[in-house]
Each structure stands twice: as C-alpha cells, then as structure tokens.
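Here's the structure, in structure tokens; my notes come after.
The values are calculated or read from the model by the stated rules, or taken from the named source; none is laboratory data. Note that the structure is a prediction, hence the values are computed from the model and not measured. Every residue, glycine as well, gets a Cβ built from its backbone with ideal geometry; the counts of neighbours run over all protein chains shown. Protein only, heavy atoms only, side chains kept; ligands, DNA and RNA dropped before computing areas. Shrake-Rupley method; radii C 1.70, N 1.55, O 1.52, S 1.80 Å.
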Amino acid sequence: MSDTWTITKRELRSYFLSPIAYVVGALFLGIGAYMFFQIVFIEAGRAAEARMDAYFGRLPMFFLVLVPALAMRLWSEERKLGTIELLLTFPVRTGSLIMGKFLGALLFLSVLMLLTLIYPITLAALGDLDWGPVIGGYLGALLLAAAYLSLGLFVSSTTQDQIIALIVSVVVLLLLYYLPGIAAFFLPPALIDTVMLASPVVHFQSIARGVLDLSDVIYYVVFCAFFLFLNHVTIEVRKWAG
Amino acid sequence: MITVQNLVKMYGQVAALQGITFEVPSGQVVGFVGPNGAGKSTTMKILTGFLYATNGKAALEGIDVRENPLEVRRRVGYLPETNPLYTDMRVDDYLSFVAEVRGVKGARRRAAMDRVVQVCGLGTVFKKGISELSKGFRQRVGLAQAMIHDPQILILDEPTSGLDPNQIVEIRDLIRSLGTNRTVVLSTHYLQEVEAACDRIIIVAQGNIVADGTGEELCARLPAGALALEIIGPPDTVHGKLKDAFTGARVDMAPQVEGSRSTRFHVVFASEPDTDAREIAHDLVQANGWKILELKRKSASLEDVFRRLTANGAAAVSAEPAMAPSQEGAIDV
C-alpha cells in the first residue's frame, strides 16, 4: 500500500510539473466556465430553479477527450524514456505500480473537479439550488472519470507513443459513448436494454439524476477492475516477450 | 552470489541467450564483454527480473528470480543500459523517490542520500533538474540510484558508456571501491576497463559464454605473440626466408608502398620459438646483408583474445548476419 502511495505521489508531482496537464486543466476549467455561464445566463433564465443538469449532461463528452489526454503519458512515457525498466526492477508489485498511476491521475482529475465547485456554490448564492443532483453529478463524474482513466491507462501500456495512446483511447470511448445509439440502429429491441447497460454514459446519467443505485457503482468498479487487470496482463506479457 | 544455470532467452525465433551457465561468488567484480547483441544486456535484464527467461534458472543470494522476484530486487541495484531517468525531476527529488520506493525511509533515507551524493560526487548538482545535467552527471545519478539502498549486488549495464576518458577513470575507480564488499556485474565495450576494474572477465558472443577467467588467464589462451618487422631487401626473398626461419608461424607481407625502399612484415607465432624471435630476425637480416628499420615484439592482449573468440563465434553462427560482429581484423594478432 505504501508502495502504491509512493508511485501516486510521483505521478501527481509529475502532473503538476507537466505543461500538458496545465493545458488540459486550463481547457477543462475554461470550457467548463463557458458552459456554466451559458447555463446561468441563457437556460437558467427560463428555468424555475437553479440547476446544473446541462453542465453534467455535457461532461461525458468532455471527459472523453480530457481523461485520455491525461492518461496517455502514464505508461507510454515510461516506455519511451526507458524508465519502465527501473519501475519494473524496483521491489514493488506490478499491481502497486498500476494502482499508483491510476490513483495519481484520478487525484489530479479530482483536483480539477474540486476547482469547479465554484459553479454550484455561485448558483446556490444566486438562487435556490437543489444539491441532490449536484452531489450525484460530481460522484457520477468521478466514477466516470475513473472508468475512462482505467481504459486510457491500459491503452497507454500497449504503446510507447502518447499520441497513438490518445487517439485509440478517444476512439474506443467514442464507440462506448455512442453505444446506445449504435445498438438502437443495429440490434433487435430485445437486446437494446442489455447493451445499454454496458455504456458508461447510461450509468452516469442515472447517478447524475441524484439517484444512487448500487448497481451503477458496481458497474464502474467492474469496468475499472477489468481494464486495470488487462493493464497487468500487458505488463507481465512483455516480460516474456522482451 | 549469483548463480545462472543454462539460461535461454528467445526473442521470437532469435535466440539471444543459448543456455549460459556461470556463477559469481560474493564480493567479486565481474566484467561482461562481447559484441553488440551478444546477450550481455539480456542476461542482466533477466537477473533483475525485468525480463523472464525462456528457460533455465537464475538466482541471486540463493533466491530464484522467478519464484521470489521482490526479494531479489530488494537486494539488487541496477543501472540499465540506457540509464533512464525521470528528466522532469530534480536530482534530490529523484533520489528521494528511489529511496522511498526501495523502502529506505525516514532518517535512513537522509543518510543514504548523503552517502550516495558523496560517493558519486553529486554535491554540486543536488538541487538541479536532471534535464539540465551533462551526460557524465546523469551517469552518476544513475549509479547513485542503483546504490541508494546499499545493495549486496550491483548490476551495471555499460556504466561508462558515453563518458569522457577522465570520467571513465573516475567511474572505474568508484566501481573498484564498491567491489571491495559487494558483488558487481558490469558490462562494457572497453577492454582496458574490464582489465582495470574487474577480478574476472566473461566474454559472451552469440548468446554463449566463449571465455571466462582473469585477464591473464584469457591472454594465456593465445599461445604466443607476434613480431612486426620493417626490412629493406628484396621483398619476395625476405618473405621466403622469414618463412623458413620461423617454421610453423604465419608470415604476412604488407603491400609495397610506392616510393618506399622498405617492406613491412608481420610474423604470428603458433607457439613461442625456443630462441628469442628478435634474435633470429636480426641474424637473418645480417646474414643476407639487408637492413632492418623496425623490429617490435607484440604480446597477445585481451583485445586479441576478444577478437579471436568473438569472431570465431560469428563464423560458427553465420546464419544470423544481423548479430554477427565484424570479422575485420580477426586474424590480426
């Protein structure tokens, strides 16, 4: 556990030193602010109460690029620099390395999301804010980010090119994002509901409505566990292949 | 103590290691030399657990690298060939991170960092970013990283590559001093370096160990030296008479240089003649009324041993041209 934390701290430090993280962070906060004020000044004028639905509604699409951009370097860079040879010869389990990287990136994302708390606080000051969906929205956003991150981390472990890691992750996440639409187009109606359950976005929407269903949480945990496991497999397989 | 038994590593269809076996007792400094692609780095990567062997066993301090990799890694300090470093970190932060990840914590970490900074001469760059450092200092940071947990075994893959001659001597002295109470395995391309820094030399070629012993032992494997001569006289006659005088030796004649009155000859002995070869050469020149401009005796060097052994290996496995070392100069003893 302390090994994991050591790796997490290094990743966090690395994010705070990396220009890419600042660019991504600034974009996240900048576009977020734009979306937020659009809601406040245009949509909120028509609504009876202060809401952040529109903001959270766009978050999955937003995360789809943001999270892979933060995840792309996690393994690719280690492979490119050769530092993976150090990491894998430290007396640390592969699992601890993976968890350390995962938590480091997740914490950095959490910091970004904490900064956006200024939006609901502003809204609450201006009007009557229903905190239920907001808390649900943040919790869902964290789980969604974790899921995207586990996928991005896995993809990053398969290449030493960060750009390839980014593109592949975004494409896969796009497919998952449009899964409900694609399913509705191709599959018989009986199967659509089942396929819908595989989409991370569907579960996010359910949590963001302010309804915390255990099955949604379990979905994200299983999603993350699956890709973290695949990550473990790619690292171990490379020890055989060279 | 390192034990390696019949280690095989395949990269796809290519055998990087073809079943090597050796043992390094505690406290010995061993130098791995061999052409590029001979299997030096692969062996080190298996010993440190970065790669798994296709077959065979490797154990450090009696602990199998596959059965208990974490225990092995705790006891080993490793400097990979490319000396990878986190270039976004400062030297102090980097060493602190490595110490922590290696379980050197609290007051011990402070002491360990002071020790490696002193031993590796990092005092002046301690607070600098790694990306700002020269190659020599980076190499020292890599060494400091490998030593921070005071390991019993050090595995250093080309620790002096890319350094200037002064730095090479410094690092070599450092390794020598480390080797007084530690097991050190290092690889290098510089033969003077292994002769100077190592108790024992292992020459690898084409994934096999082709020689193993002290520098003197290896040189003794080449039976005798050679004689370099420069003589004024009718070249073909001189060539013939040299051949007669040194039976069993190979006598080469250098191509005639335009405008030069002399010819160079090279005599390579299969075995040392009873009489001093220089005396025989002198008498021959005097008896024929030629003139001798140069007479030099060469003894077999480690370089000769290396060339001969690794070139033979190449001939035997010529099916792998990509991995074959240059054969140039293989006969030039």
Is it the case that B:Asp212 is open to solvent by 40 Å² or more (accessible area, probe 1.4 Å) and in a strand (DSSP E or B)? yes
Some residue of the range B:42-52 being over 28 Å from B:Arg138 (Cβ atoms), charged (D, E, K, R) and open to solvent by 40 Å² or more (accessible area, probe 1.4 Å): no
Counting only residues in the range A:51-67 that are open to solvent by less than 50 Å² (accessible area, probe 1.4 Å) and aliphatic (A, V, I, L, M), the one nearest to the chain's Cα centre (by Cα) is identified as A:Val67
Here are some residues: A:Tyr138, A:Tyr119, A:Tyr148. Which one is surrounded by 23 or more Cβ atoms within 10 Å (Cβ to Cβ) and more than 10 Å from chain B (Cβ to nearest Cβ)? A:Tyr148
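Could you tell me which of the residues B:Gln167, B:Gln118, B:Gln145, B:Gln139 is surrounded by fewer than 17 Cβ atoms within 10 Å (Cβ to Cβ) and in a helix (DSSP H, G or I)? Can you show your working first?
Values: B:Gln167 fails: surrounded by fewer than 17 Cβ atoms within 10 Å (Cβ to Cβ); B:Gln145 fails: surrounded by fewer than 17 Cβ atoms within 10 Å (Cβ to Cβ); B:Gln139 fails: surrounded by fewer than 17 Cβ atoms within 10 Å (Cβ to Cβ).
The match here is B:Gln118.
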Please work out which one of (1) outside any strand (DSSP E or B); (2) open to solvent by less than 30 Å² (accessible area, probe 1.4 Å) is the condition B:Tyr78 fails and give its number. (1)
Look through the range A:65-86, keep the residues that are without any contact (Cβ under 8 Å) to a residue 60 or more places away in the chain and not acidic (Asp, Glu), and return whichever of them is nearest to A:Leu151 (Cα to Cα). A:Leu66
Any strands (runs of 3 or more DSSP E) falling wholly within the range B:226-312 and containing at least 1 residues that are over 30 Å from B:Ile203 (Cβ atoms), in contact with a strand residue (DSSP E or B) (Cβ under 7 Å, 6 or more places away or on another chain) and among the polar types (S, T, N, Q): B:262-268
Cβ pairs under 9 Å, 6+ apart, first in the range B:137-156 and on the phi > 0 side of the Ramachandran plot, second of a type outside the set (Val, Ile, Thr) and in a loop (DSSP other than H, G, I, E, B): B:Asp150/B:Arg182
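For the condition farther than 27 Å from B:Ala59 by Cβ and either in contact with a helix residue (DSSP H, G or I) (Cβ under 7 Å, 6 or more places away or on another chain) or modelled with pLDDT of 95 or more (or both), what is the one hit in B:Val169, B:Val101, B:Val125? Break it down stepwise before answering.
Values: B:Val169 fails: either in contact with a helix residue (DSSP H, G or I) (Cβ under 7 Å, 6 or more places away or on another chain) or modelled with pLDDT of 95 or more (or both); B:Val101 fails: farther than 27 Å from B:Ala59 by Cβ.
Residue meeting the stated conditions: B:Val125.
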Out of the range A:226-242, which residues are touching a residue at least 60 places away in the same chain (Cβ under 8 Å) and open to solvent by less than 60 Å² (accessible area, probe 1.4 Å)? A:Phe227, A:Leu228, A:Leu230, A:Asn231, A:Thr234, A:Ile235, A:Glu236, A:Lys239
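In the range B:88-99, which residue that is more than 7 Å from chain A (Cβ to nearest Cβ) and assigned to a helix (DSSP H, G or I) is surrounded by the fewest Cβ atoms within 10 Å (Cβ to Cβ)?
Residues of the range B:88-99 that are more than 7 Å from chain A (Cβ to nearest Cβ), as a first pass: B:89-96, B:98-99.
Checking the rest, the ones that are also assigned to a helix (DSSP H, G or I) come to B:91-96, B:98-99.
Details: B:Val91: 26, B:Asp92: 15, B:Asp93: 17, B:Tyr94: 20, B:Leu95: 24, B:Ser96: 18, B:Val98: 27, B:Ala99: 22.
Going through the qualifying residues, I end up with B:Asp92.
Name every residue in the range B:100-115 that is more than 8 Å from chain A (Cβ to nearest Cβ) and touching an Asp or Glu at 6+ places or on another chain (Cβ under 9 Å), in order of residue number.
Start the filter on the range B:100-115 by keeping residues that are more than 8 Å from chain A (Cβ to nearest Cβ), which leaves B:104-115.
Result: B:Val104, B:Arg109, B:Ala112, B:Met113, B:Arg115.
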What number of residues within the range A:68-83 satisfy the criterion of being open to solvent by 10 Å² or more (accessible area, probe 1.4 Å), assigned to a helix (DSSP H, G or I) and within 13 Å of chain B (Cβ to nearest Cβ)? 5
Cβ pairs under 7 Å, 6+ apart, first in the range B:45-73 and more than 10 Å from chain A (Cβ to nearest Cβ) and in contact (Cβ under 8 Å) with a residue 24 or more places away in the chain, second open to solvent by less than 20 Å² (accessible area, probe 1.4 Å) and part of a loop (DSSP other than H, G, I, E, B): B:Ala58/B:Val65; B:Ala59/B:Val65
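Being facing another protein chain (nearest Cβ under 8 Å) and touching a Gly at 6+ places or on another chain (Cβ under 7 Å) is true for just one of B:Leu79, B:Leu85. Which residue is that? Don't jump to the end; show me each part of the working.
Numbers: B:Leu79 fails: facing another protein chain (nearest Cβ under 8 Å).
The unique qualifying residue is B:Leu85.
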Can you confirm whether A:Tyr219 is of a type in the set (Ser, Thr, Tyr), open to solvent by less than 60 Å² (accessible area, probe 1.4 Å), touching a helix residue (DSSP H, G or I) at 6+ places or on another chain (Cβ under 8 Å) and closer than 24 Å to A:Val111 by Cβ? no
Would you confirm, using the coordinates I've provided, whether A:Glu11 is assigned to a helix (DSSP H, G or I), acidic (Asp, Glu) and open to solvent by 20 Å² or more (accessible area, probe 1.4 Å)? no
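Here's the yes/no breakdown for (1) away from every other protein chain (no Cβ under 14 Å); (2) in contact with a Gly (Cβ under 9 Å, 6 or more places away or on another chain):
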site: A:Glu85; (1), (2): no, no
site: A:Pro91; (1), (2): no, yes
site: A:Leu97; (1), (2): no, no
site: A:Ala105; (1), (2): yes, yes
site: A:Leu109; (1), (2): yes, no
site: A:Gly132; (1), (2): yes, yes
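Considering only helices (runs of 4 or more DSSP H) fully contained in the range A:149-217, which possess at least 1 residues that are within 15 Å of the chain's Cα centre (by Cα)? Please lay out each step first, then the result.
Working: elements: A:162-177, A:179-186, A:189-197, A:200-208.
Counting at least 1 such residues, we get A:162-177, A:200-208.
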Options B:Gly39, B:Gly34: the member that is modelled with pLDDT under 95, within 14 Å of chain A (Cβ to nearest Cβ), buried (at least 19 other Cβ atoms within 10 Å of the Cβ) and within 23 Å of B:Val194 (Cα to Cα): B:Gly39
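Please find, within the range B:1-20, the residue that is modelled with the lowest pLDDT out of those that are more than 14 Å from chain A (Cβ to nearest Cβ) and farther than 18 Å from B:Thr310 by Cα. If you could, list the steps in order and put the result at the bottom.
At the first step, the residues of the range B:1-20 found to be more than 14 Å from chain A (Cβ to nearest Cβ) are B:1-6, B:18-20.
Right, trim to farther than 18 Å from B:Thr310 by Cα and you get B:1-6.
Details: B:Met1: 91, B:Ile2: 95, B:Thr3: 96, B:Val4: 96, B:Gln5: 95, B:Asn6: 95.
Result: B:Met1.
Looking at A:Gly95, A:Gly127, A:Gly132, which is the one that is in contact with a strand residue (DSSP E or B) (Cβ under 6 Å, 6 or more places away or on another chain), in contact (Cβ under 8 Å) with a residue 60 or more places away in the chain and farther than 19 Å from A:Phe16 by Cβ? Reasoning before the result, please.
Working: A:Gly95 fails: in contact with a strand residue (DSSP E or B) (Cβ under 6 Å, 6 or more places away or on another chain); A:Gly132 fails: in contact with a strand residue (DSSP E or B) (Cβ under 6 Å, 6 or more places away or on another chain).
None of the others qualify; the one that does is A:Gly127.
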Restricting the search to the range A:138-166, which residues are under 9 Å from A:Met72 (Cα atoms) and β-branched (Val, Ile, Thr)? A:Val155, A:Ile163, A:Ile164
